[in-house]
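Structure record follows, encoded as structure tokens.
What follows is calculated from the coordinates using simple rules that are stated; it is not laboratory data. Since this is a predicted model, take the numbers as computed values, not measurements. When we count neighbours, we look across all protein chains shown, and the Cβ atoms used for this are built from the backbone with ideal geometry, even at glycine.
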Amino acid sequence: MEPVAKKRFERSLILDEIVRTEKLEVDNAALDAEFNQTLSTLQMQGMDLNKVRGGKKGQQQLAQAIAMESANRVLTRRALDVLKSIAVGEYKSPEERQAAEEAAKVVEAESAQSEAQAPEVETASTESETGEAS
């Protein structure tokens, strides 16, 4: 095995292990964004997806390959973000990250609920000031 290939393989194994131990996942939004970015890049480079060999089956195979590569890029980026957080002293375990995400969802839900109630309060306040009722 060539030294460069060996180093690349070792890095790949390390990143795979980080993805596994840190329980990193690819969400649909990140996958869609990366997939669309890759498609845009290919089209800007002059690739005509309608002229792919193999017709519809060839297009499906290309789309699957792009999706797999996109998912791999997202996971690699997230693994590198974990390494960066360790390097700068901001590392959080998977459990801490999950708790923070759940807390953010609760705050977001409460915020949305209070915003939904705010118009009702304004309407009731306006009605009591004018003496009108709906």
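How far, in nm, would the chain grow between Asn36 and Glu90 when pulled straight, counting 0.36 nm per residue and subtracting the alpha carbon separation? Can you show the working numbers first?
Values: separation 54, 0.36 × 54 = 19.44 nm, distance 3.09 nm.
Between Asn36 and Glu90, full extension yields an extra 16.4 nm.
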Centre separation in Å (Cα based) which lies between segment 55-114 and segment 1-51: 13
Across Lys23/Lys84; Lys84/Lys105; Lys7/Lys92, pairs whose alpha-carbon gap is larger than 23 Å: Lys84/Lys105; Lys7/Lys92
List the relative contact order of the chain as a percent without decimals, with contacts defined as Cα pairs under 8 Å and 6+ residues apart. 28
As I understand it, the value is the acute angle between the Cα axis of helix 3-21 and the longest principal axis of the Cα atoms of the chain; what does it come to in degrees, rounded to 10? 30
Say R0 is 41 Å: what FRET efficiency, to the nearest 0.05, do Leu83 and Gln59 get from their beta-carbon distance? 0.70
Nearest-ten-degree value, helix 94-130 long axis tilted from longest Cα axis of the chain: 30
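Dipole of segment 1-91, Cα-centred, from +1 at each Lys and Arg C-beta and -1 at each Asp and Glu C-beta, to the nearest 20 debye? Mind showing how you got there, number by number?
Working: 14 positive and 13 negative charges, 85 e Å.
The calculation lands at about 400 debye.
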Counting only helical runs of four or more DSSP H residues, what would the 222 nm mean residue ellipticity of the chain come to if each run contributes -39,500 (n - 2.57) and the total is spread over all its residues? -28000 deg cm²/dmol
Inter-label distance for Asp27 and Ile14, nm, one decimal - labels placed 7 Å from Cα along Cα-to-Cβ: 2.8
